[in-house]
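Here is the structure we will look at, set down as structure tokens.
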Amino acid sequence: MSETGSIKFTCDRVAVELSRFLGFDELNEYRRKLLRLGTIGIDRNGVGFGNLSVRNGATSRFYITGSGTGKLLELTPADCAKVVAYDFTRNWLQCEGLTVASSESLTHAAVYESDPLTCAVIHCHDMKLWKALLHKVPTTPEKVEYGTPEMAYAVRGLFDNTDVRKKKIFLMAGHEGGVVAFGKDLRSAFAQLTEERRK
């Protein structure tokens with residue numbers, strides 16, 4: 001499901017119980033910080049927004065918060081999904097877990113695929129920061145919708161054609177308030193986000 005409540009990709013889910021994974025405690029720690037900032041959560045229409053992920057070791061697989069979990073104060077492994085395969089062309093992904101992977105999973109996949117040193121991604125909503133940084137940091141085109149293969153390709157394009165690898169942050173012009181920060185871990189991704197908020 002997407003943040004608007006519609007399915008944006010085909011998801012083959014293997015319903016297995018996930019155990020506590022490496023990075024799970026850190027994921028909850030930084031998710032709590034983002035909740036306090038109001039940059040992830042649930043909007044007035046009851047729709048969850050924002051998601052976090054951590055890479056699974058040196059693989060292309062990653063753990064991501066589940067769709068519709070923005071309302072939860074604390075996550076358990078059951079509220080996360082492990083993305084084990086994806087295909088931008090087919091708008092498809094395969095995940096494991098008791099919940100469906102976030103609608104932004106393909107965007108996270110594009111970041112991990114583009115930068116092998118990245119091991120954590122934060123997608124949050126911050127209207128003030130978004131307005132301040134729009135087109136001043138790497139920004140995806142306005143016509144590109146979030147949670148689509150086009151967004152994944154646009155993100156790959158940022159890595160090919162901009163200094164996003166150095167900036168560690170980009171905006172989604174077609175997704176009001178959409179900010180993505182990334183780094184070697186959630187601590188560094190969050191630090192990049194908070195540094196930009198202080199400017």
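The values are calculated or read from the model by the stated rules, or taken from the named source; none is laboratory data. Keep in mind it's a predicted model, so treat the numbers as computed, not measured. Positions of Cβ are generated from backbone atoms using ideal geometry, with glycine treated the same way; all protein chains shown enter the neighbour counts. Surface areas here come from the heavy atoms of the whole protein model, side chains and all, with no ligands, DNA or RNA. Shrake-Rupley method; radii C 1.70, N 1.55, O 1.52, S 1.80 Å.
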Failed condition for Ala109, given (1) within 15 Å of Leu27 (Cβ to Cβ); (2) touching a residue at least 40 places away in the same chain (Cβ under 8 Å); (3) not polar (S, T, N, Q): (1)
Looking for whichever is touching a Lys or Arg at 6+ places or on another chain (Cβ under 7 Å) and surrounded by fewer than 19 Cβ atoms within 10 Å (Cβ to Cβ) here; the options are Asp115, Asp87. Which one fits? Asp115
Here are some residues: Trp130, Trp92. Which one is under 17 Å from Phe9 (Cβ atoms), open to solvent by 10 Å² or more (accessible area, probe 1.4 Å) and among the aromatic types (Phe, Trp, Tyr)? Trp92
Can you confirm whether segment 25-48 contains a residue that is part of a loop (DSSP other than H, G, I, E, B), touching a residue at least 60 places away in the same chain (Cβ under 8 Å) and open to solvent by 20 Å² or more (accessible area, probe 1.4 Å)? no
In contact with a Gly (Cβ under 9 Å, 6 or more places away or on another chain) and assigned to a loop (DSSP other than H, G, I, E, B), is that true of Leu18? yes
Scope segment 73-84; condition out of contact with any helix residue (DSSP H, G or I) (no Cβ under 6 Å at 6 or more places or on another chain) and open to solvent by less than 10 Å² (accessible area, probe 1.4 Å); matching residues: Cys80, Ala81
Considering segment 50-72 alone, what residues qualify as being closer than 22 Å to Val179 by Cβ, touching a residue at least 12 places away in the same chain (Cβ under 8 Å) and surrounded by fewer than 18 Cβ atoms within 10 Å (Cβ to Cβ)? Lys71
